[in-house]
Amino acid sequence: MRMRISTISKTKSEVGALCAALMACLCAGAALAATDAPPPDSAKALIEKTVVQVLAVLRDDSRTNAQRRLELEKIAHARFDFRTMARLVLARDWKRLDAAKRDEFVDQFTTYLANDYGNRLERYEQEDVQVLDEQPKPRGDVEVRTKIVGGQNNGAIVDYRMRKGKDGSWHIIDVVIEGISLVANFRDQFREVIAHGGPEALLQKLKEKNAAAAAA
Amino acid sequence: MKASAIGPVALACALFASALAGAPSRADEPAAAVVGEGEESVAEDAGEAPASEERAVYDPWMTMNRGIFAFNDGLDRYFLEPVAIGWNAVVPEPGQRGIANFFANAATPRRLANDLLQGKLGKAGDDFGRFAINTTFGVLGFFDPATAEGIAPGNEDFGQTLGVWGVPAGPYLVLPFFGPSSPRDATGLVADTLLSPEFYFAPWYVSSPVTGTRVINARSLALETVRAERAAAFDLYAAVRSAYLQYRTNLLRDRAAEPEDHDEDEDLYNLEDEE
């Protein structure tokens with residue numbers, strides 16, 4: 001698994017394919033690497049690749065936490081479709097915002113997630129992740145199932161809900177941990193604020209929280 | 001963002017619940033997501049959205065629940081957490097895990113009873129095997145060789161048993177000391193206590209310190225998680241409620257067994273097209 005770290009080619013260009021093929025020849029784990037080289041990655045292959053990337057960053061002791069955080073944010077931006085996540089979280093309230101406010105909401109929500117998860121990094125304790133399988137879902141979505149191995153959450157099931165973009169590449173639109181959906185959890189948290197002050201009030205409150213986090 | 005970063009979200013919420021509760025995390029389940037509160041159920045212009053009402057949370061007792069939640073939270077901050085920090089300083093983590101294993105193993109007969117009450121013979125066999133292996137080779141349950149052998153720990157409880165029997169969960173309910181629950185899960189909590197042999201044999205001056213140890217140990221293992229969750233949640237009450245209801249729904253559904261029945265949740269992923 002680990003040797004594929006350098007197979008990060010996220011483009012489906014021939015160059016990427018070539019590199020991957022080269023890698024495949026070079027490493028002992030040739031069989032593994034060759035499977036996800038050429039065309040756009042399948043959802044499962046993408047998750048596998050991401051797991052390798054993320055674990056490599058987390059295990060690299062030469063980096064500071066701040067550096068790791070930056071690296072992970074980069075990976076997250078490549079893999080997650082934050083705009084779709086934000087829309088799903090707002091559901092029908094999305095329409096109540098104008099275009100500018102929508103963009104702003106996506107930004108603020110993304111920042112909020114980044115702060116939230118960034119703060120948990122120190123807690124990494126050498127868990128490993130097994131990518132188990134993928135299941136088709138309605139609307140052409142796919143759910144990739146993974147399992148955490150080791151650590152306190154040993155055996156926990158984490159599902160990645162993925163959707164295919166217009167360019168044919170997959171992005172994560174939800175993370176479901178032991179049956180608990182991130183999107184649903186935020187939707188449930190935002191519901192009351194929206195019920196009382198509309199999506200604008202929510203946006204305002206998110207900004208305040210983010211500003212407070214930035215100041216801290 | 002994988003495991004480490006994201007994992008905690010939900011697990012944390014679930015832990016938060018059971019840690020506060022101290023209870024072996026009993027209760028409930030499911031279908032709790034039905035009624036909306038303060039939600040105009042508009043199907044609106046939206047394209048494909050079938051007239052399904054928005055998935056929502058059934059929490060008509062929210063005012064009372066929030067009050068009890070605040071009480072539990074205070075109890076935790078000013079009593080349980082400080083004690084757990086002390087425990088954490090004295091007992092090394094492997095020791096804490098061993099103790100947690102011990103209690104989990106001791107709870108296996110009760111779980112086995114629930115397996116049987118639900119007619120899940122396969123799970124009953126697993127739990128029986130786990131109990132036999134961990135009690136012997138695992139030195140009274142302090143170690144967990146059964147998991148290493150590939151026998152996954154069970155999670156059945158009487159709240160789920162009631163769910164399997166068709167009893168609805170009822171509204172979301174926060175219990176003092178025990179945390180997130182529902183009328184069905186609260187009933188299950190009582191029943192599970194009655195299903196525990198130690199309830200009949202251990203006098204209070206034995207069972208109380210034992211229970212205290214279990215709770216403090218569990219809380220100690222969750223220190224970081226709860227801290228992160230407290231700091232991160234946009235609305236902690238709503239976050240815990242959402243996590244609890246989803247978690248219980250998922251348990252009752254025995255997720256792994258029937259992956260294709262998530263349809264009631266599909267509304268969650270419906271993007272009403274435009275933009």
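Within the stretch B:101-119, residues that are farther than 15 Å from B:Leu194 by Cβ sit with their Cβ atoms under 8 Å from residues that are buried (at least 22 other Cβ atoms within 10 Å of the Cβ) and of a type in the set (Lys, Arg), at 6+ positions apart or across chains, in these pairs: B:Asn105/B:Arg130; B:Thr108/B:Arg130. Name the single residue, out of those in the stretch A:94-113 being open to solvent by 20 Å² or more (accessible area, probe 1.4 Å) and within 10 Å of chain B (Cβ to nearest Cβ), that is farthest from A:Asn210 (Cα to Cα). Taking the candidates together, the pick is A:Lys95.
Yes or no: A:Asp116 facing another protein chain (nearest Cβ under 8 Å), in a helix (DSSP H, G or I) and charged (D, E, K, R)? Yes: the conditions hold for A:Asp116. Taking the criterion of being in contact with a helix residue (DSSP H, G or I) (Cβ under 6 Å, 6 or more places away or on another chain), outside any helix (DSSP H, G or I) and open to solvent by 30 Å² or more (accessible area, probe 1.4 Å), the only residue of the stretch B:84-137 that qualifies is B:Phe137.
A single entry from A:Ala195, A:Ala156 fulfils the requirement of being at the interface with chain B (Cβ under 9 Å from one of its Cβ atoms) and under 17 Å from A:Leu90 (Cα atoms): A:Ala195. When B:Pro171 is tested against the conditions (1) open to solvent by 30 Å² or more (accessible area, probe 1.4 Å); (2) at pLDDT 95 or above, the lone failure is (1).
So, B:Arg248, is that one within 18 Å of the chain's Cα centre (by Cα), open to solvent by less than 30 Å² (accessible area, probe 1.4 Å) and at pLDDT 95 or above or not?
Values: within 18 Å of the chain's Cα centre (by Cα): yes; open to solvent by less than 30 Å² (accessible area, probe 1.4 Å): yes; at pLDDT 95 or above: no.
Criteria not met by B:Arg248.
If you check A:Glu127, A:Glu143, which single one turns out to be closer than 25 Å to B:Tyr247 by Cβ, in contact with a strand residue (DSSP E or B) (Cβ under 6 Å, 6 or more places away or on another chain) and modelled with pLDDT of 90 or more? When all the criteria are applied, what remains is A:Glu143.
When residues in the stretch B:55-83 are screened for being of a type in the set (Asp, Glu) and open to solvent by 50 Å² or more (accessible area, probe 1.4 Å), 0 of them pass.
The values are calculated or read from the model by the stated rules, or taken from the named source; none is laboratory data. Every value quoted in this text rests on a predicted model; they were computed, and no experiment measured them. Ideal geometry is used to build each Cβ from the backbone, glycine not excepted, and the neighbour counts take in all protein chains shown. We work out accessible area using only protein heavy atoms, side chains counted, and drop any ligands, DNA or RNA first. Shrake-Rupley method; radii C 1.70, N 1.55, O 1.52, S 1.80 Å.
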